[in-house]
Amino acid sequence: MIIPQVSVVVLQDQKQFNQEAKKWAPGVEGLQAFGRLQPKLNRCIIYVKDPDWQYHPEWMGHELAHCVWGRWHQ
C-alpha cells in the first residue's frame, strides 16, 4: 500500500470553512471536515476547523482514514 503525503489546512472560522467547502466539496451538506485526494501527486489534503474555534479531533481522524484507506463518501 502506498500512503499519500498528507497535508492539513486549518480553517480559522465559519466563513473561511464555508469558502473552502464551497470550492472543494460543493453541494455537500453538514460538513465538519473534509479531504481532497490528488492521486497524480500522491497527496491528500485535509481541511479542519481550528481547535481554538471548534475542537473536534475525531473529524481529522475520520478524514485521515479516507486518505489512507479510501472509502470516500459518494
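The values are calculated or read from the model by the stated rules, or taken from the named source; none is laboratory data. These numbers were taken from a predicted model, which means no experiment stands behind them. Heads up, the Cβs are rebuilt from the backbone with ideal geometry, glycines too, and the neighbour counts pull from every protein chain shown. Ligands, DNA and RNA are excluded from the accessible area calculation, which covers all protein heavy atoms including side chains. Shrake-Rupley method; radii C 1.70, N 1.55, O 1.52, S 1.80 Å.
Assorted remarks:
- Among residues of the stretch 1-27, those that are open to solvent by 80 Å² or more (accessible area, probe 1.4 Å) and either in contact with a helix residue (DSSP H, G or I) (Cβ under 7 Å, 6 or more places away or on another chain) or of a type in the set (D, E) (or both), counted: 1
- For R71, the stated conditions do not hold, so it cannot be described as under 18 Å from M1 (Cβ atoms) and touching a Pro at 6+ places or on another chain (Cβ under 7 Å).
- Qualifying residue in the stretch 42-53 (condition: open to solvent by 70 Å² or more (accessible area, probe 1.4 Å), among the acidic types (D, E) and modelled with pLDDT of 95 or more): yes
- Any pair with Cβ under 9 angstrom, 6 or more apart, that starts in the stretch 39-61 at a residue that is farther than 17 Å from E20 by Cβ and ends at one that is outside any loop (DSSP other than H, G, I, E, B): L41/Q5; N42/Q5; Y55/K49; P57/V48
- Looking across the stretch 62-74, the residues that are over 15 Å from V10 (Cβ atoms) and either of a type in the set (D, E) or exposed (fewer than 14 other Cβ atoms within 10 Å of the Cβ) (or both) come down to A65, V68, W69, G70, R71, W72, H73, Q74.
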